[in-house]
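First up is the structure itself, then whatever we jot down about it.
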Amino acid sequence: MNLAAYRADAEQFVSSLDREYYLHFAGLQDEFDIESIYERHADLFSRDNVQRLREEGTSQLLEFAVQGLMGRATKAEAAELARREAALEIEVDGETMPYRQAAVVQVNEPDPERRLAIERARLAAGERELDPLLREVLERTHSLTAELGWPNMRAMCEELSGIDLGALERQTSAFLDSTEDAYEPIVSGPLERELGFGFERLRRSDFSYFFRAASLDAAFTDARLLGSLSQTLDGLALDPPGVKLDVEQRPKKTPRAFCSPVRVPDEVYLVIARRGGRDDFETLFHEAGHAQHFAHMPASLPMEHRYLGDNSITESFAFLFQHLTQSPAWLRARLDVTEPEPIEAQARAAKLVFLRRYAAKLAYELELHSAPPALDPLREVYAQRLGDALHVEWSPQSWLSDVDPFFYAAAYIRAWALETHVRRLLVERFGELWFEEPEAGEFLKTLWAQGQSMRGDELLAELTGEELDFGALLDDLALTA
Ligand SMILES: [Zn+2]
C-alpha cells in the first residue's frame, strides 16, 4: 500500500475536521458538516485499507483507520444526536431552559434544591431523548468490533493503543482502596466552605457547583486572564508562531476555551471564551498547554506523530499548565494572591474527587466493553461503582452518556500520572518558580519536539527510567502512608 499517499490524505481529513470544529465552535459559521468530510475521505476508512494497515503493522495509523471506520458507520446517529441535543429543552419548576444550557445554569445555582431539580430534569430528558441513539451507536460499534475480528472493544483498544488497560485498572482500583479513608476528611473542609454542608447532605447534583468554587473567584479577575498567560509564556520564553489566539467575542462562540490544531505546527487555534472566575483560568491554561505542545512539534514528523498517537502526552502538558493556576508559587507570582491555601486545598479536594470518579469510570467502561452477555445490567453496575467511589447516591441514568469513546478516560488517567512526574522534574531542576525560567521552556521544547511518537510510559522511561504508575498520584496528593 502507498503509505505516503495514505498519510497525506489522513492529514487532510484530520485538518478539515479540526477546521470545521474551529469555525463552528468559534461562532464563525453555523454549519457543522462533518458528514461530508467523512464522505470526501471515505476511502481512508475502507475495510481493505484497515486490512492493509494491519499487515503493514503501523499501529497509530491502524488505530486511526479503525476509529474512523466506526465514526463513519455511526456519523448519521452522531449528527442526529447533535441536532436533538441542540433542540432539546427541559422544564424546571415551570421554567423552560435549553438542555445544553442547563448544566451551565446548574454550575452557578447556589440553591441545592434547585440544583437537584435541574439535574433530575436534565438526566430524565437525556435518558428519554438521547439514550436510544447512544445505545444504537454502542451496539453498532460493538458489532463492528466483532466483524473486524476482535473479541471485544476492550481487546481491540488494548491492541491498537499498546496500553494494558487491565494493568491500569489494577492501579486505579488500588488507588481507590488506599484513598478510601482519606477521601472524606480531605474533601469535607472545602466542601463545607463552598456548599455550607458536608457529606451528610451531599448529592451528585452539588459536585459541579463545588468544582466551580465561586467563593475563590476574587483573585481571578477577567482583566488578568490573558495577561497572566502571556506573562507565563514570556517567563518560559515560549512564543511559537503557529499559535493563533482567537479572543474576539462573538454571539455564537462556545462559552468554553478550546484548542484546535488545524495544521500542526503552523496553525493551532487557541480560542478564548469567558464565563468569569477561576474556571476561565483553569480552562484557558489547560488549552494553552495543548496549543504549546502542538505548535512546538517539528513539521517534519510524520502526520501520525503530530495528530495521532497516545493522547496522554498532550493531556499531560495541558494538565501541567492547568495546574499552575492552583499552585501557590504561581498564584503569588502572577496573581498577587497572598493566601493561596484555600485555593490549594480546594484544588486538592476536587482532584481527589476527579481521580476517584475516573477510577470508577475506567472499571465500569472495561466491563461495558468486554462483551457482557447483556447490556442492561451494566446500568446498575455504573451507578454502584460511581456511588461507591464518591460516597453519594449516583443516578444510573447517565450510564450511556457518561462513556468516553475508545477509553479516552484512560488517556486522562495516564496523563494525570505523567504530569506529576514532569512537574516534579521541573521543580527539581528549575525550582518552584520554574515558570519564570527560559531553560525550563527549553526543556519542555525538547519533550514537545518528539510529538506523540512515543506512548506516555515510553516518554517517562526515557526521561527518568521510571514506570508510569497511577500510584504517583498518592505522593502528589500527600497521601502516601
Ligand atoms: Zn485536554
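The values are calculated or read from the model by the stated rules, or taken from the named source; none is laboratory data. Note that the structure is predicted; figures quoted are calculated from it, not measured. So basically every Cβ, Gly included, is an ideal-geometry build from the backbone, and we count neighbours across all protein chains shown. For the accessible areas, the whole protein counts, side chains as well, though only heavy atoms, and no ligand, DNA or RNA atoms are used. Shrake-Rupley method; radii C 1.70, N 1.55, O 1.52, S 1.80 Å.
If you build the Cα gyration tensor of the chain and take the root of 5 times each eigenvalue, what three semi-axes come out, in whole angstrom, biggest first? It would help to have the intermediate numbers written out before the result.
Values: eigenvalues 202, 169, 115 Å².
Whole-Å semi-axes of the equivalent ellipsoid: 32, 29, 24.
Calculate the length of the line joining the C-alpha centroid of region 393-419 to that of region 99-170, in whole Å.
Value for the Cα centre distance between the two parts: 8 Å.
Counting only C-alpha contacts under 8 Å and six or more residues apart, can you give the relative contact order of region 374-471 as a whole percent? Kindly include the intermediate steps, with their values, before the conclusion.
Numbers: 49 pairs, mean separation 23.1, N = 98.
Averaging sequence separation for qualifying contacts and normalising by length gives 24 percent for region 374-471.
Heavy-atom accessible area per residue, region 311-448, 1.4 Å probe: how many Å²? Before the final figure, lay out the partial values.
On the way: 4870 Å² over 138 residues.
Solvent-accessible surface per residue comes out at 35 Å².
Would you work out which of Phe64, Tyr21, Phe32 lies farthest towards the positive end of the dipole of region 3-74, given +1 charges on the beta-carbon of Lys and Arg and -1 on that of Asp and Glu, about the Cα centre?
Phe64
Give the distance, in whole Å, between the Cα centre of region 1-52 and the Cα centre of region 244-307.
About 19 Å separates the Cα centre of region 1-52 from the one of region 244-307.
Out of every Cα-Cα pair in region 341-425, what percent are more than 15 Å apart?
Details: 2259 of 3570 pairs.
When all Cα pairs of region 341-425 are counted, 63 percent exceed 15 Å.
Over the Cα atoms, compute the radius of gyration (one decimal) and Dmax (the largest Cα-Cα distance, rounded to a whole number) for region 387-435, in Å.
According to the Cα coordinates of region 387-435, Rg and Dmax are 17.1, 47 Å.
Using the Karplus equation 6.51 cos²θ - 1.76 cosθ + 1.60 (θ = phi - 60°), what ³J(HN,Hα) coupling, rounded to whole Hz, does each residue of region 449-454 give in order, writing x for Gly and Pro?
5, 8, x, 10, 6, 9
Summing Lys, Arg as +1 and Asp, Glu as -1, what charge do residues with Cβ under 13 Å from the Cβ of Leu474 carry, Leu474 excluded?
On the way: positive: Arg348, Lys351, Arg356; negative: Asp177, Glu180, Asp181, Asp469, Asp475, Asp476.
Combined, the nearby Lys, Arg, Asp and Glu give -3.
Take the alpha carbon atoms of region 294-394, find their radius of gyration, then divide it by 2.2 N^0.38 Å using N residues; give the quotient.
Working: Rg = 19.5 Å, N = 101, 2.2 N^0.38 = 12.7 Å.
Dividing the Cα Rg of region 294-394 by 2.2 N^0.38 Å gives 1.53.
Along its three principal axes, how long is region 252-351 when you only count alpha carbons? Whole Å, largest extent first please.
The Cα atoms of region 252-351 stretch 46, 31, 23 Å along their principal axes.
Using the C-alpha gyration tensor of region 60-211, what are the square roots of 5 times its eigenvalues, in whole angstrom, with the largest one first?
Values: eigenvalues 247, 143, 24 Å².
Each semi-axis is √(5λ); the values are 35, 27, 11 Å.
5 Å is the cut-off here: which amide hydrogens, built 1.01 Å from N in the peptide plane, fall below it relative to Lys244, excluding neighbours closer than 5 in sequence?
Val268, Tyr269, Leu270
If a/c stays under 1.5 just call it rounded; otherwise compare a/b with b/c (prolate if a/b is bigger, oblate if not). Do that for region 145-254, with a ≥ b ≥ c from the square roots of the Cα gyration tensor eigenvalues. If you can, show how the numbers build up before the last one.
Values: a/c = 2.11, a/b = 1.16, b/c = 1.82.
In terms of gyration-tensor shape, oblate.
What number, rounded to the nearest 500 deg cm²/dmol, is the helix-based mean residue ellipticity at 222 nm of the chain, given -39500 (n - 2.57) per DSSP H run of at least four residues and division by all its residues?
Working: 22 runs with 304 residues, N = 481.
Computed ellipticity for the chain at 222 nm equals -20500 deg cm²/dmol.
Go through region 347-443 and name the GluC sites (Glu not before Pro) that are in a DSSP coil and have 15 or fewer other Cβ atoms within 10 Å of their Cβ. Please report the intermediate quantities before stating the final value.
On the way: sites: Glu365, Glu367, Glu380, Glu393, Glu419, Glu428, Glu432, Glu436, Glu439, Glu442; in loops: Glu393, Glu432.
Here the sparse-neighbourhood loop sites are Glu393, Glu432.
With the alpha-carbon atoms as the only input, what is the per residue convex hull volume for region 167-318 in Å³? Don't jump to the answer; show the numbers that get you there.
Details: hull volume 25.5 nm³, N = 152.
With only Cα atoms used, region 167-318 gives 168 Å³ per residue.
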